[in-house]
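Worksheet: one structure, shown below.
The values are calculated or read from the model by the stated rules, or taken from the named source; none is laboratory data. Bear in mind that the values here come from a model prediction, so they are computed numbers and not experimental data. Note that each Cβ is placed from the backbone with ideal geometry, even for glycine, and that neighbours are counted across all protein chains shown.
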Amino acid sequence: MSASVTERRVAVAAQRKNSLHRQRMWALWGSYIALGVFVVMFLVPPFYTLMTSLKSSAEISAQVGSPWLVKHPSLENFWYLITYPNFQRYYLNSVIVTILTVAVSMVISVLAAFSLSRMGFWGSQTLSTGVFLTYLVPPSLLFIPLFQIIGQLGLINNFWCLVILYPTLAVPFCTWIMIGYFSSIPRELDEAALIDGAGYLQMLWKIFIPVAMPGIIAATIFAFTVSWGAFLYPLAYLYTSNQMVLTVGIISDLIRGDVFQWGKIMAACLLASLPPIVIYAFLMDYYVAGLTAGATKG
Amino acid sequence: MAEVSVRKVVKEYEGGVQAVKGIDLDIADHEFVVLVGPSGCGKSTTLRMIAGLEEITSGEIWIGGDVVNDVPPRDRDIAMVFQNYALYPHMSVFDNMAFGLKLRKFPKDEIKRRVDDAARILDIVPLLDRKPRALSGGQRQRVAMGRAIVRNPKVFLFDEPLSNLDAKLRVQMRTEIKKVHQTIPTTTVYVTHDQIEAMTLADRVVVMNGGVIEQVGTPQELYHNPASRFVAGFIGSPAMNFLPCRIQDGANGGLAVRVTDSIIVPIPPARVDRYGAYKGKEMVLGIRPEHLFEHRDHGKPGWTRVDLPVDVVEPMGMETMVHFFVEGTPVCARIDPATHAAPGEMLPLTADLNQMHLMLPDTGRVV
């Protein structure tokens, strides 16, 4: 009797194990299929961009064979752009605008987040929520009134206007990230610093910024992305080649009327993508850690 | 080093909630004072007010002869050890300990000398290059203490520093803290909710409850002469037994405590005068478990026999806790482990009434 009970228990356990194994197998298959679709959707466009950038204008216009393959790979499009003064100017403008945008945005965000999360003044909670609500206003709505302001400042068709404009897009979200990060730092740390003799600025500089570095990197990457990839604002505010940044420079220079220089456009896109790729590759771990900080109790 | 005085200090939060209700406390130079009490009694708030981390609603705090109500924490010359250590995670142990000295612009060689000295006292010399994340809980707490020691402040403040440690480590660190205070006898205010910690560490214990000080005294004073039912119940583990009773006439012109019809025990002659005024009144009898033990034939004056039905037996190795119910009131006795006790059986016990306490049922005041 007891032997039969034992056998039945063993059988039930084996059945459960098989069932779990089957469930896991289906879950894995589901994951692979979803990942496969994801890879196709997200990697095919860059692949097509790369293939086209390696083709000569003649090969592109010949339209012979598969558009996904290159018959005579060439770097002539890249070489053309690297030696093209306008492209160099766009690149330089983008770098200047982005560095300054990131610097301005981060200084404002870190100071704002520190005071909102740690100084505990009257209305700081409401102000924190207000900062986030600002981020929800679509940039496409803001650029019309901002056009008036920039016009009054005499900065239309001057890339320095972007150094003023981009922080208005980057600061709210960066501040929000930093508020979250600073709030996750135990309050005893500031109290220990206060007792050790630190003032608020010393506390920020010597304790909060080093401890919140993953959050600062996440916010920096966000500010960089906003500045480097923005299209609408430079399109609206800049119209001469010497002031343009990469995003508008590429299309306005390499599309002449109905002539699209696809090879050069694609090569320019790849060259323009290099800085974000390099930065993301080095800082991705910090970025993810920064965005998810405070999501779980440590 | 300095004395600390708290004069009529009140802390009221928004909404009128009073965390501290006008307490007075004088702490002598070199003294180790422990504030103890249940959660929400105001002990941590008091400590934080001494540290300058909480503003005072009214009253005065004096450190070293100066009123420090409006002095920021950094200028009070105090050092604090927190429950969760509050070590700077990006700094090495050395830098954590040196941080306060660097901010105060101490010369480098002086900083090194002080950190090395503190590290030697706390036995953390091999850890100086490590980051806090590479340390165990006990090591982190040592570093936190080291950070306080290097500053050589007037006052050490400890806010439940052992609460995050496991039981074994807590006992070890308790001894360490006591040893450090013996080596560096800085005035210390220590907050804990653990009465054993309070009793073992303190020169004087301050028992707080509901924002007021219930009693201040040496551990022995609090244990033997509690001022109130709260203190009597809070100090001692397991807690004191409390039994409703009535004082009545006893044999030979003495007094007796009537707990139930079958439990009427004589009050020791030495206490008859003290309790005479309460004859015929309802009172609360307080007796600690250690004063209720297995019956011994060779009795002493003030010892009396009571027989109680055993409810639960808890053998602890060096002693056995036996639990009873006396007319619905739980009672605990601490008996010799060799004594036989089994649930449901009557157990003859001896009550040492020389150690009894009588309290007023309404105010809880010990008479």
Selection within segment B:329-358 - more than 21 Å from B:PRO269 (Cβ to Cβ) and in a strand (DSSP E or B) | B:THR329, B:PRO330, B:VAL331, B:CYS332, B:ALA333, B:ARG334, B:ILE335, B:MET346, B:LEU347, B:PRO348, B:LEU349
Are any residues in segment A:161-172 more than 11 Å from A:ALA113 (Cβ to Cβ) and among the hydrophobic types (A, V, I, L, M, F, W, C), and if so, which ones?
-> A:CYS161, A:LEU162, A:VAL163, A:ILE164, A:LEU165, A:LEU169, A:ALA170
Among residues belonging to segment B:248-269 that are closer than 17 Å to B:THR350 by Cα and free of Cβ contacts under 8 Å to residues at least 24 places away in the same chain, point out the one that is farthest from the chain's Cα centre (by Cα).
-> B:SER262
Need at least 1 residues that are free of Cβ contacts under 8 Å to residues at least 24 places away in the same chain and under 26 Å from B:GLY364 (Cβ atoms) per element, so show me which strands (runs of 3 or more DSSP E) inside segment B:135-245 make the cut, counting only ones lying wholly within it.
-> B:212-217
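Quick grid of which residues meet (1) surrounded by fewer than 20 Cβ atoms within 10 Å (Cβ to Cβ); (2) over 18 Å from A:PHE173 (Cα atoms); (3) within 7 Å of chain B (Cβ to nearest Cβ):
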residue: A:ILE185; (1), (2), (3): yes, yes, no
residue: A:ALA192; (1), (2), (3): no, yes, yes
residue: A:ALA198; (1), (2), (3): no, yes, yes
residue: A:LEU204; (1), (2), (3): no, yes, no
residue: A:PHE208; (1), (2), (3): no, yes, no
residue: A:ALA212; (1), (2), (3): no, no, no
residue: A:ILE216; (1), (2), (3): no, no, no
residue: A:THR220; (1), (2), (3): no, no, no
residue: A:ALA223; (1), (2), (3): no, no, no
Those residues of segment A:106-129 which are closer than 20 Å to A:ILE221 by Cβ and touching a Phe, Trp or Tyr at 6+ places or on another chain (Cβ under 7 Å) amount to A:ALA113, A:PHE114
Meets criteria (at pLDDT below 90, away from every other protein chain (no Cβ under 14 Å) and more than 18 Å from the chain's Cα centre (by Cα)) for A:ILE164 | no
Check on A:ILE99, in the same structural domain as A:ILE255 (by TED's automatic domain parsing), part of a helix (DSSP H, G or I) and either free of Cβ contacts under 8 Å to residues at least 24 places away in the same chain or acidic (Asp, Glu) (or both) | yes
Residue pairs qualifying under the 6 Å Cβ cut-off, at least six apart or on distinct chains, with the first in segment A:238-267 being closer than 20 Å to A:GLU76 by Cβ and of a type in the set (Val, Ile, Thr) and the second being crowded, with 21+ Cβ neighbours inside 10 Å and modelled with pLDDT of 90 or more, are A:ILE250/A:ALA268
Could you say which residue among A:ALA14, A:ALA34, A:ALA27 is modelled with pLDDT under 85, outside the structural domain of A:GLY249 (by TED's automatic domain parsing), hydrophobic (A, V, I, L, M, F, W, C) and not in a loop (DSSP other than H, G, I, E, B)?
-> A:ALA14
Test: residue in segment A:214-224 that is in a loop (DSSP other than H, G, I, E, B), within 21 Å of A:PRO275 (Cβ to Cβ) and of a type outside the set (D, E, K, R) | no
Kindly indicate whether any position in segment B:112-119 is of a type outside the set (Phe, Trp, Tyr), within 24 Å of the chain's Cα centre (by Cα) and closer than 14 Å to B:ILE177 by Cα.
-> no
Options B:ALA277, B:ALA270, B:ALA251; residue that is more than 22 Å from B:ILE235 (Cβ to Cβ), in contact with a helix residue (DSSP H, G or I) (Cβ under 8 Å, 6 or more places away or on another chain) and surrounded by fewer than 18 Cβ atoms within 10 Å (Cβ to Cβ) = B:ALA270
Could we say that A:ALA193 is modelled with pLDDT of 90 or more and outside any helix (DSSP H, G or I) here?
-> no
Listed by range, strands (runs of 3 or more DSSP E) wholly within segment B:31-125 having at least 1 residues that are more than 14 Å from chain A (Cβ to nearest Cβ) and at pLDDT 95 or above are B:32-36, B:58-63
Answer yes or no as to whether A:ILE177 is in contact (Cβ under 8 Å) with a residue 12 or more places away in the chain, within 30 Å of B:SER92 (Cβ to Cβ) and touching a helix residue (DSSP H, G or I) at 6+ places or on another chain (Cβ under 8 Å).
-> yes
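Please pick out the residue among B:MET97, B:MET91 that is more than 28 Å from B:PRO219 (Cβ to Cβ), in contact (Cβ under 8 Å) with a residue 24 or more places away in the chain, surrounded by fewer than 20 Cβ atoms within 10 Å (Cβ to Cβ) and not polar (S, T, N, Q).
B:MET91
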